[in-house]
Amino acid sequence: MRATQLYAPTLREFPAEAELISHKLMMKAGLIRKAAGGIYSYLPLGWRTIRKIEKIIREEMDAEGGQEIMMPITQPAELWKESGRWAVYGPEMMKLEDRHGREFALGPTHEEMITSLIRSEVKSYKQLPLMLYQIQNKYRDEIRPRFGLMRSREFIMKDLYSFDKDIDGMNVSYDKMYNAYSRIFTRCGLKFRPVEADNGAIGGGHSHEFTVLAPNGESSIAYCESCNYAASDEKAELKVITAEAEEMKPLEKVSTPNCHTIEMVKDYLQVPIEKTIKAVAFQDDDGRLILAFVRGDHEVNEIKILNAVEGALHLHMAEDSAISAAGGCAGFMSPIGIKDDTAIVVDSTVMEMYNAVAGANEVDVHYINVTPKRDFDAKKIIVTDIRMVKEGDPCPHCGKALKMTRGIEVGQVFTLGNKYSKALNATFLDENGKEKYFEMGCYGIGVGRTAAAAIEQNNDEHGIIWPRAIAPFEVVVVPVNAKNAAQLEYSEKIYEELKAAGIDTILDDRKDRAGVKFNDCDLIGYPIRITISPKTIDENTIEVKIRKTGEVYTFNRDEYKDKVCELLKDL
RNA sequence: CGGGGCAUAGCGCAGUUUGGUAGCGCACUUCGCUUGGGACGAAGGGGUCGUGUGUUCGAAUCACACUGCUCCGACCA
């Protein structure tokens with residue numbers, strides 16, 4: 001490719017609408033352009049990167065036995081009503097009607113579609129296991145699209161679905177995908193971690209998110225440096241923190257005027273925050289009151305509460321009236337004296353406390369000397385881990401202090417079990433002629449998000465620093481003055497030679513000043529730049545500059561190819 | 001959906017308070033000159049001022065409504 005023919009509209013300045021560095025750079029370097037909120041065109045440079053990521057994904061999916069297919073974007077509403085997700089996904093789905101008034105959705109995901117495809121065709125265990133995937137546009141009517149390709153409404157996703165005859169088979173498929181994902185993100189040159197993730201309402205199976213480490217990431221993960229444990233903040237398990245046993249003093253009410261936050265209570269009563277019990281009140285979709293209690297210095301993890309309370313699907317903050325109705329008092333709550341039909345969830349660590357401070361369910365009154373294992377009615381409470389992890393908490397595997405970091409979720413592997421095969425009645429006959437539901441798994445990778453994550457992780461003040469594997473071009477050849485026939489001719493030879501050697505090369509034959517071209521090259525982020533000048537022609541050499549490190553090398557004309565190949569290996 | 005902000009040439013912005021001939025930088029076209037880190041000079045082209053309604057002799061400017069974008073929040077791959 002020649003730069004004079006390439007459509008790469010680089011900008012002199014960042015567009016005002018972009019916030020995140022990857023979004024700014026993708027716009028400025030001419031990789032993407034916006035068509036509407038969260039909807040983008042991919043320009044040649046951006047698309048080349050996307051295609052390279054897709055190629056890596058295809059190779060690794062195929063290597064594990066995946067077969068590529070292509071399913072429709074437009075999906076009939078009936079399918080979604082059958083699985084019950086028409087309502088669940090609700091406003092998140094891009095919906096449309098045809099001329100006859102029939103309802104369709106633009107597919108946000110394809111579990112329904114593929115299950116219906118399989119259920120009428122695959123009838124025997126002999127046809128299993130089966131792994132089918134596609135790389136396809138997906139649609140989610142995000143409440144708030146932002147950050148360019150990071151959170152868009154139309155996005156490219158690879159999704160593979162596995163079908164197995166039993167749970168063991170499903171787990172084999174899961175492991176294959178887990179391994180494939182590790183190879184894919186490694187090949188893309190990304191620093192990432194597979195982290196244990198929450199399965200949400202599906203439950204049962206297991207799930208990992210593949211998270212690219214980046215300070216601007218939207219998700220927060222906890223990880224251990226001494227063992228390999230890593231989990232999303234919502235999932236991270238926490239051990240009980242035991243407190244030193246104390247003599248249990250008698251329960252007593254004290255006046256705490258206007259102390260409705262833990263901070264105020266602790267200061268007023270002059271007790272350490274670890275001696276206080278914090279209450280958070282929620283209601284679920286049915287209006288049922290759910291009270292959660294954690295130690296004063298801890299935060300509650302809503303996902304863990306949902307998992308602990310049977311039948312709860314969503315939580316929202318409780319109305320004061322609901323709290324009063326249950327015998328509680330907002331700002332001064334404890335489990336003591338709450339009515340029976342309330343779900344009370346107490347963090348395991350709270351049960352270890354002695355002589356603590358908790359609300360008395362009366363305005364401006366707290367209890368002191370609360371010892372939960374004596375004062376809480378064990379029959380009425382659910383005791384489990386409901387804390388949100390924080391930096392320094394002990395690792396659930398090895399006990400060392402956990403660290404927190406932020407990241408971008410670029411892929412997720414997920415076992416589904418028979419959730420969808422059951423909902424859509426997709427069955428096969430096993431060895432004994434018995435009808436069974438498929439055991440499924442689903443495995444997604446956000447392709448555009450992977451590209452954005454790579455930029456998020458690899459950039460400097462000059463622009464993008466592409467990992468070689470996903471760079472739009474690996475090498476750019478720049479004659480400092482393309483109007484000079486000798487330089488252009490020399491550069492073209494180098495360009496042709498590199499192409500012949502299988503290196504993805506672009507010739508910057510634009511007649512601009514050298515500075516303009518250098519700045520564009522840095523912005524676009526080609527891993528290696530080869531500069532041709534009168535000096536290099538005289539010396540029969542070429543000059544190589546590494547984008548990532550800024551190192552400059554001079555190589556002889558007759559040996560430069562091997563040297564360049566050698567350098568590329570590390571980029 | 002709640003709360004802020006913004007909408008003027010391809011991009012970045014001024015002009016709006018105090019109504020009166022549409023402006024700047026970059027980009028673009030032509031010519032000259034220049035060529036190792038976004039040169040310089042000269043001459044040009046390009047805008048229904050987001051949309052609609054209203055006030056006014058006159059609206060980018062004032063009023064109302066709508067739309068779009070953006071940030072914070074709840075939600076999510």
| Which lysines, on any chain, are close to A:K24 with Cα under 20 Å apart, when same-chain ones fewer than 8 places away are left out? | A:K34, A:K517, A:K548
| said: Let me cross-check A:H260: its accessible surface, 1.4 Å probe, with only protein heavy atoms counted, in Å² to the nearest 10? | reply: 100 Å²
| field | Tensor-based shape of chain A (alpha-carbon gyration tensor, a/c under 1.5 rounded, otherwise prolate or oblate) | value | prolate
| remark: Given the candidates A:V478, A:T505, A:Y495, the one whose Cα lies deepest towards the positive end of the charge dipole of segment A:473-569, counting +1 at each Lys or Arg C-beta and -1 at each Asp or Glu C-beta, is A:V478
| In whole Å, how far is the Cα centre of segment A:35-82 from that of segment A:440-473? | 15 Å
| Heavy atoms of A:E218: accessible area, 1.4 Å probe, square angstrom to 10 | 80 Å²
| query | Per residue, how much accessible area does chain A show when a 1.4 Å probe rolls over the protein heavy atoms, in square angstrom? | reply | 45 Å²
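State whether segment A:320-383 is rounded, prolate or oblate according to the following rule on the C-alpha gyration tensor (a ≥ b ≥ c being the square roots of its eigenvalues): a/c under 1.5 gives rounded; otherwise a/b larger than b/c gives prolate, and the remaining case gives oblate.
Note, shape of segment A:320-383 comes out oblate.
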| For segment A:252-384, which whole-number percentage of the solvent-accessible area (1.4 Å probe, protein heavy atoms only) is attributable to carbon and sulfur atoms? | 50 percent
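If you keep only loop residues by DSSP, which GluC sites (Glu not before Pro) in segment A:427-472 have at most 13 other Cβ atoms within 10 Å of their Cβ? It would help to have the intermediate numbers written out before the result.
Numbers: sites: A:E431, A:E435, A:E439, A:E456, A:E461; in loops: A:E431, A:E461.
For GluC sites (Glu not before Pro) across segment A:427-472 that sit outside H, G, I, E and B with at most 13 neighbouring Cβ atoms in 10 Å, the list reads A:E431, A:E461.
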| query | Is segment A:473-569 best put as rounded, prolate or oblate by its Cα gyration tensor, with a ≥ b ≥ c the root eigenvalues, rounded for a/c under 1.5, and otherwise prolate when a/b is larger than b/c, oblate when not? | reply | rounded
| query | When only Cα pairs under 8 Å and 6 or more residues apart are kept, what is the percent relative contact order across chain A? | reply | 17 percent
| note | Label model pair A:V254, A:N432: point-to-point distance (7 angstrom along the Cα→beta-carbon line) in nm is 6.5 nm
| message | Can you list which of the DSSP-assigned H helices in chain A have a Cα extent of 24 Å or more along the long axis and an average Kyte-Doolittle score of at least -1.0? | response | A:44-63, A:167-187
| Of all the accessible heavy-atom surface of segment A:14-86, with the other protein chains kept in place and a 1.4 Å probe, what percent is carbon and sulfur? | 53 percent
| field | Carbon plus sulfur fraction of accessible area for segment A:473-569, probe 1.4 Å, in percent | value | 46 percent
| said: Show me the trypsin sites (Lys or Arg not before Pro) within segment A:98-196 that DSSP assigns to loop and that have at most 11 other Cβ atoms within 10 Å of their Cβ. | reply: A:R99, A:R102
| Within chain A: Cβ-based charge dipole about Cα centre, in debye rounded to nearest 20 (Lys, Arg +1; Asp, Glu -1) | 1560 debye
| message | Tell me the mean residue ellipticity at 222 nm calculated for chain A from its helices only (DSSP H runs of n ≥ 4, each -39500 (n - 2.57), averaged over every residue, nearest 500). | response | -8000 deg cm²/dmol
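The values are calculated or read from the model by the stated rules, or taken from the named source; none is laboratory data. This one's a predicted model, so the numbers in the text were calculated from it and none came from an experiment. Backbone-built Cβ (ideal geometry, glycine too); neighbour counts: all protein chains shown. Calculation scope for accessible area: heavy atoms of the full protein, side chains included, ligands and nucleic acids excluded. Shrake-Rupley method; radii C 1.70, N 1.55, O 1.52, S 1.80 Å.
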